[in-house]
Every structure is written in C-alpha cells, then in structure tokens.
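S.K.: One structure is given below, represented as structure tokens, and several questions about it will come after.
The values are calculated or read from the model by the stated rules, or taken from the named source; none is laboratory data. These numbers were taken from a predicted model, which means no experiment stands behind them. Cβ atoms come from the backbone with ideal geometry, glycine included; neighbour counts cover every protein chain shown. When the accessible area is computed, the model is the full protein with side chains, heavy atoms only, and any ligands, DNA or RNA have been set aside. Shrake-Rupley method; radii C 1.70, N 1.55, O 1.52, S 1.80 Å.
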Amino acid sequence: AGFGRQTTLSQSTSLTHEVAAAAHALFIKHWSGMPISHLSISLGQLSVDSVIQLTLFEDRSRAYRKERAIDEIKNRFGSDAIIHASSLLESGVARERAEQIGGHFK
C-alpha cells in the first residue's frame with residue numbers, strides 16, 4: 001500500500017537537493033513505519049530554469065551553477081560520472097542502476 005500527501009515549497013526551485021529534501025520531510029512526517037509497495041513524486045506549477053528566486057541570505061546562484069555543471073558532466077560522460085560517495089559502499093546501488101534501462105541491464 002502507498003499513501004499520498006502534498007506540500008508547497010516556500011520558494012520556487014529547480015534545485016534537486018531542495019526538492020528531495022521536501023519530499024523526504026513529507027515522507028518522514030506522514031509515514032507510519034509500515035511497508036509500502038510504491039512511492040511516487042509528482043511536481044506541479046513548474047517554471048523555466050532561467051527564472052531564479054533571489055534571496056538576501058543565500059547564494060542561490062552558486063547552487064544553480066553547481067547543479068548545471070553536474071548536469072552537463074552527466075550529460076557528457078553518463079549518469080554514473082558523478083555519484084554520491086555513499087553509493088560506493090557495498091549497499092550502494094547507483095552504479096548498478098546507471099548500467100540499467102528500466103531495471104534491466106543494457
């Protein structure tokens with residue numbers, strides 16, 4: 001079984017880590033601890049990436065530049081060109097998944 005919840009972010013973003021953090025917080029807040037059969041995330045009210053919300057207290061432009069650089073490296077060299085260090089552990093699955101299409105090896 002699964003469950004559905006929604007949230008609205010305090011500011012517009014296309015930064016992966018901000019979207020992931022919001023999804024994680026929502027899941028932790030509402031998950032009962034029981035097994036679930038599926039988890040899906042959908043996004044709404046999307047805008048073009050060239051629109052950046054400015055703030056006085058954060059250097060968001062630096063985060064956007066970093067994310068664009070990571071995307072360019074992955075587009076040029078493949079999705080496993082940059083991975084989190086934790087994916088190198090025995091329990092990590094990022095490298096294995098990068099070699100698959102739809103859960104099947106290429």
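S.K.: Among the residues of the range 12-48, what is the count of those that are open to solvent by 70 Å² or more (accessible area, probe 1.4 Å) and part of a loop (DSSP other than H, G, I, E, B)?
M.R.: Filtering the range 12-48 for residues open to solvent by 70 Å² or more (accessible area, probe 1.4 Å) gives 12, 16-17, 24, 28-29, 31-32, 34-35, 37-43, 45-48.
Cutting the leftovers down to part of a loop (DSSP other than H, G, I, E, B) gives us 12, 31-32, 34-35, 37-43, 45-48.
Counting residues in the range 12-48 that are open to solvent by 70 Å² or more (accessible area, probe 1.4 Å) and part of a loop (DSSP other than H, G, I, E, B) gives 16.
S.K.: Anything in the range 1-11 that is at pLDDT below 80 and open to solvent by 70 Å² or more (accessible area, probe 1.4 Å)? List them, or say none.
M.R.: Restricting attention to the range 1-11, the residues satisfying the condition of being at pLDDT below 80 are 1-4, 11.
Hits for the range 1-11 are A1, F3.
S.K.: Return the total of residues in the range 60-89 being touching a residue at least 12 places away in the same chain (Cβ under 8 Å), among the polar types (S, T, N, Q) and open to solvent by less than 60 Å² (accessible area, probe 1.4 Å).
M.R.: Selection size over the range 60-89: 0.
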